[in-house]
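Everything on this sheet refers to the single structure shown next.
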Amino acid sequence: MPYSQIGFLVPLNNNSEEDDSIPKLPILEGVNVFGRDNISVSDKRVSRKHISLKASVDGSVEVVVEGSNPVVIRAGDQRKKLYSKDKATIAHGNILELIPGHHVFKYVTSAGAKDTSSPQTHKRSLKEGGKLNEDEIQAKKKRQIAEDEAFARNLQGNVLVAILSNYMVDIDWLISACPAIRKIPHVLIIHGEGDGTLDHLKKVKPANWILHKPPLPISYGTHHSKAMLLVYPRGVRIIVHTANLINVDWNNKSQGLWMQDFPWKDQKDVKKGHEFENDLIDYLSVLKWPEFSVNLPDIGNATINSSFFKKFDYSSAAVRLIASVPGYHMGPKLKKWGHMKLRTVLQESYFDKEFQKSPLVYQFSSLGSLDEKWMAELASSMSAGFSDDKTPLGLGQPLIIWPSVEDVRCSLEGYAAGNAIPSPQKNVEKDFLKKYWAKWKATHTGRSRAMPHIKTYTRYSGQKIAWFLLTSANLSKAAWGALQKNNSQLMIRSYELGVLFLPSSTKQHGYLFSCTDNGGSSEVICGSSQNAGGHRRELVTLCWRGNQSMDSSSEVIPLPIPYELPPQPYSSEDVPWSWDRRYSKKDVYGQVWPRQVKLYVSQDS
């Protein structure tokens, strides 16, 4: 069966006995990639993609050395050293040394696992010293696999062209997690990887894939936007999300994803534009990817560039796009990107009077080097907008939802989750930030122990939402931009992309269009193309307990915000997570956190 479990890599101590303090690494059928992202070690000789294991149902596993340092395989008295790109097959009971003499694991097939694991491992529960129960781990893994398979099935439906935008990309994992992607005739990967990883990507990518890293004109910037544009015979599916295309981001973390399908335009409407379309084309044109030609059913030959995406009808768009592109933006471009774009869109919007001076929430996974002046600048943009009587909403007080050390320690991954919350002490422990800290609490969604990689910004009153932004942008000047030259210029270092939910833009056009509905029919849903009859739309959280039926003049749209509102401020015992501190209290896997373990590098901090 696809994705069936083949075995484990069981950690061994210096006495060649199983080390109960380190979790086993499950091996699934197909390609498994292991490295610093999922092995909590401080040894920088272990690459982020150190080894790959191709497992077969008969229990045999082919090992490929992906990193630059050698790996040792021991079978009985025989010892074999493998260098970069070398391959070898291992069997049940063989030993792997990820670095010669260090980081030792035994390969155990699932059939033989009981003979090598200690009874204590299987008896762990959260009630016993905070340890994770093995059955719970496996149950969650199966659920995650089912979700990944469902996502892969949704990707099928005859995709003709796929443009995948991201920061970190693991092609080996991507193909193993979504085998259907191999069938797509044209794939463009827009990425932010460095030269070392890029060399590997070039070697392993399928021949029909194109790799492109957008220009970065300002130092310390990165391409950080996470999106997918999938062209189908019936239209285009646009996805904006928060996860890197790597295994660790799609397992055990809280992420966010927005998706909507758009049909081809009628020929008579080809020149008709829309604010969503204008924002999308403006953003895509800056990426400057190499154009390529395709032959599309009923369309014929087409050049895939930014202008190609004008061929779709975005009039039903439920969101506004908020993007950042690197550069020094002034004049008409000052309000086109970053927090100034958000300010401009909010200034054009009207909200219920209850949102006047209501609080703001900033929630993200990497904290830049900030100061109070810039925080006031950002709050001014986030507070823009008017109430129905055309009175400015006024400045809102922000809180920062950020995992505490205890949150990370007790998370599904233990301290290893801190790899994806890569903010140093010097950024986190500034005195002026103390008044902003609020807890990551997600009991109502069951995600309190799934550490957030999602990035969201919102303004709320009780359980009602004025607006909600899902984005790749962390809290940094590099991502949002900083005003310069007496506020006449906005400097941005990085590419970011987000979707903004507003009551005025969450309209539907009387039907729900789907690129993968091959029957050609459209399902009628609530809503209309016009806000007819004076109907109002309200955005609410999942915890909202109002009764829509009692007020027929409003339409209530629940948003699956993962954390609870209002946020709970830190207590005097709470310490905000920073990844370069030493934590001696053991986590749920019995691990401590070593100093300067930087396994997950984010450049927009």
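The values are calculated or read from the model by the stated rules, or taken from the named source; none is laboratory data. As the structure is a prediction and not an experimental result, all values here were calculated from the model. When we count neighbours, we look across all protein chains shown, and the Cβ atoms used for this are built from the backbone with ideal geometry, even at glycine. Surface areas here come from the heavy atoms of the whole protein model, side chains and all, with no ligands, DNA or RNA. Shrake-Rupley method; radii C 1.70, N 1.55, O 1.52, S 1.80 Å.
In whole percent, how big is the carbon plus sulfur part of the accessible area of the stretch 318-471, probe 1.4 Å, protein atoms only?
55 percent
Each residue, Q267 and S56, gets one label point 7 Å from its Cα in the Cβ direction; the gap between the two is 5.5 nm. Highest-first packing order for the peptide set 569-581, 277-289, 340-352 is 340-352, 277-289, 569-581, based on the mean count of other beta carbon atoms within 10 Å. A Förster radius of 35 Å, combined with the Cβ-Cβ distance separating D77 from L198, puts the computed FRET efficiency at roughly 0.30.
When you count the other C-beta atoms within 10 angstrom of each residue and take the mean per peptide, 468-478, 452-462, 182-192 line up highest first as 468-478, 452-462, 182-192. Put one equal scatterer on each alpha carbon of the stretch 300-406, apply the Debye formula with no solvent term, and list log10 I(q)/I(0) at q = 0.14, 0.25 1/Å to two decimals. Taking Cα atoms of the stretch 300-406 as identical point scatterers yields -0.77, -1.42. This model, with +1 at the C-beta of Lys and Arg and -1 at the C-beta of Asp and Glu, gives the stretch 352-510 a dipole about its Cα centre of some 40 debye. With K and R counted +1 and D and E -1, the other residues having a Cβ less than 15 Å from that of K203 yield a net charge of -2. At an R0 of 56 angstrom, the distance between the Cβ atoms of A91 and S307 translates into a FRET efficiency of 0.50.
Expressed as a whole percent, the accessible area of the stretch 261-302 that falls on carbon and sulfur atoms is 45 (1.4 Å probe). Pairs exceeding a 23 Å alpha-carbon distance, out of K253/K477; K288/K485; K24/K54; K202/K310; K288/K311: K253/K477; K288/K485; K202/K310.
Solvent-accessible surface of the stretch 372-442, averaged per residue with a 1.4 angstrom probe and all protein chains in place: 36 square angstrom.
Only protein heavy atoms count here; on that basis, with a 1.4 Å probe, C410 has an accessible area of about 40 Å².
Grab the Cα-Cα distance for Y220 and S504, subtract it from 0.36 nm times how many residues apart they are, and report the gain in nm with one decimal.
Between Y220 and S504, full extension yields 98.6 nm more.
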